[in-house]
Amino acid sequence: MVDAARDKHWISVYEDKAPDAVSWYQAEPEPSLMALKRLERASSSSIIDVGGGASNLVDALLEQGWDDITVLDIVAPALEVAKLRLGAKAAKVHWQVADITNWQPPRKYDVWHDRAVFHFLTEAEQREAYREALYIGLSKGGLVIMATFALDGPQKCSGLPVQRYDADGLARELGPQFRLIESWREKHVTPWGSGQEFNWCAFRLIS
């Protein structure tokens, strides 16, 4: 299911800006790829990219031999951008149009990747719904790679307020079932040259 208000907002973002003109655009998804490499996740693992939209991460994963990839986004047009870019390769990917706070995962994944979705969930019930989907959709021992705005990062993005985190705050939010493995910082540079401080964390589902 898709929340109509959130869907309308994000569709308007993609209607107003080119995919490479949104603040979160990365020509090369190096932070995500480096995290997967450092945490030794093999390309035989299954992965879901939550909020993947038009991101280039799916292209890079396919090039590296990943063959069980799901990309989920609330905005169907964003996924269509990625499909068009991939051409025939798009058939190798599972595409899911859904609001993560209203989604029931149909299966489990080895890796759950979220670059900048969770920090938009400013209401407690939204975060609770996200955690439920995460817990259902992640394999025991599975890996969560999550990026949010850091405590000194932006207070808003795309006209919406965000919830900022450090590693301890994100660990508290996800709960004791998830063990923090590693955290690091990234200064993301937007297409117009401004810097945004991100907090990255890797967790493992332990119970």
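The values are calculated or read from the model by the stated rules, or taken from the named source; none is laboratory data. On a predicted model such as this, the values are computed, not experimentally measured, just so you know. Neighbour counts run over all protein chains shown; Cβ positions are idealised from the backbone, glycine included.
Tallying residues that are assigned to a loop (DSSP other than H, G, I, E, B) and in contact (Cβ under 8 Å) with a residue 24 or more places away in the chain within segment 80-112 yields 7.
Being farther than 25 Å from L205 by Cα and either touching a strand residue (DSSP E or B) at 6+ places or on another chain (Cβ under 7 Å) or not polar (S, T, N, Q) (or both) is the requirement here; does V81 meet it? The answer is yes for V81. Test of understanding: among L174, L170, L151, which residue is over 22 Å from L62 (Cβ atoms), touching a Cys at 6+ places or on another chain (Cβ under 7 Å) and at pLDDT 95 or above? Being over 22 Å from L62 (Cβ atoms), touching a Cys at 6+ places or on another chain (Cβ under 7 Å) and at pLDDT 95 or above holds for just one of L174, L170, L151, which is L170.
What are the residues in segment 187-207 that are at pLDDT 95 or above and within 18 Å of the chain's Cα centre (by Cα), if any? Across segment 187-207, the qualifying residues are E197, F198, N199, W200, C201, A202, F203, R204, L205.
The number of residues in segment 91-136 being under 23 Å from L36 (Cβ atoms) and hydroxyl-bearing (S, T, Y) comes to 3.
In segment 161-176 there is at least one residue matching the filter, namely being among the aromatic types (F, W, Y), touching a residue at least 40 places away in the same chain (Cβ under 8 Å) and within 30 Å of Q104 (Cβ to Cβ). Within segment 183-202, restricting attention to residues that are assigned to a strand (DSSP E or B) and free of Cβ contacts under 8 Å to residues at least 24 places away in the same chain, the residue that is surrounded by the most Cβ atoms within 10 Å (Cβ to Cβ) is S183.
The residue of segment 43-79 that is surrounded by the most Cβ atoms within 10 Å (Cβ to Cβ), among those that are in a helix (DSSP H, G or I) and small (G, A, S), is A78.
Would you mind finding the one in L205, L180 that is surrounded by 15 or more Cβ atoms within 10 Å (Cβ to Cβ) and out of contact with any Gly (no Cβ under 9 Å at 6 or more places or on another chain)? That would be L180, the only listed residue that is surrounded by 15 or more Cβ atoms within 10 Å (Cβ to Cβ) and out of contact with any Gly (no Cβ under 9 Å at 6 or more places or on another chain).
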